[in-house]
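Asker: Got a structure here, written out as structure tokens. Questions coming.
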Amino acid sequence: MPDLPALPFAALMGLKITSVTPEKVTAELPVTAALCTVPAILHGGAVMAFADTLGAVATVANLAEGFSTTTIESKTNFFAAIPAGETAHAETTPLHRGKTTMVWQTKISRADGKLAAIVTQTQLVLAPRK
């Protein structure tokens, strides 16, 4: 796995990255009460933050040294709830890897394998500051 910068918000959420390659990032997120809405299901904002983190990690895995990234667009489709006590599983793959932007799709599923959400996001590639 490539060296990743510290991800304090991801750590706060409890996100665990399980694999990183330039072609795919996988991760898990335990659905704790702190990440839930009422009734005890994973909050939509937590789903989006989970995917946003993975899209950034995937972009970093594809950057030349000194370059960085920021999210410029994100769209989420929700299909099924993930209850508290389960673990959300995610897989992020590229739709486009260009010199100035990269577009990633993150599929988030429940423990039973049912698709819970798909997030498509665009990351801007930032050149090193001089």
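Asker: Given a 1.4 Å probe, how much area per residue of the chain is accessible, in Å²?
Answerer: Result: 54 Å² per residue.
Asker: Got the relative contact order for the chain handy, in percent, Cα pairs under 8 Å and 6 or more residues apart?
Answerer: Here the relative contact order equals 26 percent.
Asker: Quick one: Karplus J couplings for segment 90-102, per residue in order, coefficients 6.51, -1.76, 1.60, θ = phi - 60°, nearest Hz, x for Gly and Pro?
Answerer: For segment 90-102, the Karplus curve yields 9, 9, 10, 10, x, 9, 7, 10, x, 6, 10, 9, 9 Hz.
Asker: Tell me the angle of helix 44-60 to the major Cα principal axis of the chain, expressed in degrees between 0 and 90 and rounded to the nearest ten.
Answerer: The angle comes out near 30 degrees.
Asker: Taking the Cβ of His96 as the centre, find all other residues whose Cβ is under 14 Å away and add up their charges (Lys, Arg: +1; Asp, Glu: -1).
Answerer: Around His96, the charge tally is 0.
Asker: Note the listed values (1) 126; (2) 100; (3) 111, then indicate which one is volume of the Cα convex hull per residue in Å³ calculated from this particular structure.
Answerer: Correct label, based on the coordinates given: (2).
Asker: With unit charges on the beta carbons (Lys and Arg positive, Asp and Glu negative) and the dipole taken about the Cα centre of the chain, which residue among Trp104, Met48, Pro30 sits farthest to the positive side?
Answerer: Value: Trp104.
Asker: Let me ask something additional. Report the charge-dipole magnitude of the chain in Debye, nearest 20, computed about the Cα centre from +1 at each Lys and Arg Cβ and -1 at each Asp and Glu Cβ.
Answerer: Using Cβ point charges on Lys, Arg, Asp and Glu, the chain gives about 280 debye.
Asker: Which aspartates and glutamates have a Cα less than 12 Å from the Cα of Lys107, not counting those fewer than 8 places away in the same chain?
Answerer: Glu28, Asp52, Glu91
Asker: Could I ask something else about it? Hey, got the dipole for segment 62-110? About the Cα centre, +1 on K and R Cβ, -1 on D and E Cβ, debye to the nearest 20?
Answerer: Taking the Cα centre of segment 62-110 as origin, the dipole is about 140 debye.
Asker: Just the number, please: carbon plus sulfur as a percent of the accessible area of the chain, 1.4 Å probe, no ligands or DNA/RNA counted.
Answerer: 58 percent
Asker: From the cross-link list Lys16/Lys130; Lys99/Lys130; Lys24/Lys130; Lys24/Lys75, which pairs have alpha carbons spaced over 22 Å apart?
Answerer: Lys16/Lys130; Lys24/Lys130
Asker: Then there is this: I need the semi-axes of the equivalent ellipsoid of segment 45-113: take the C-alpha gyration tensor, multiply each eigenvalue by 5, square-root it, list largest first in whole angstrom.
Answerer: 26, 11, 10
The values are calculated or read from the model by the stated rules, or taken from the named source; none is laboratory data. Source: prediction; values computed, not measured. Neighbour counts run over all protein chains shown; Cβ positions are idealised from the backbone, glycine included. These area figures cover heavy atoms from the full protein model, side chains too; ligands, DNA and RNA do not enter into them. Shrake-Rupley method; radii C 1.70, N 1.55, O 1.52, S 1.80 Å.
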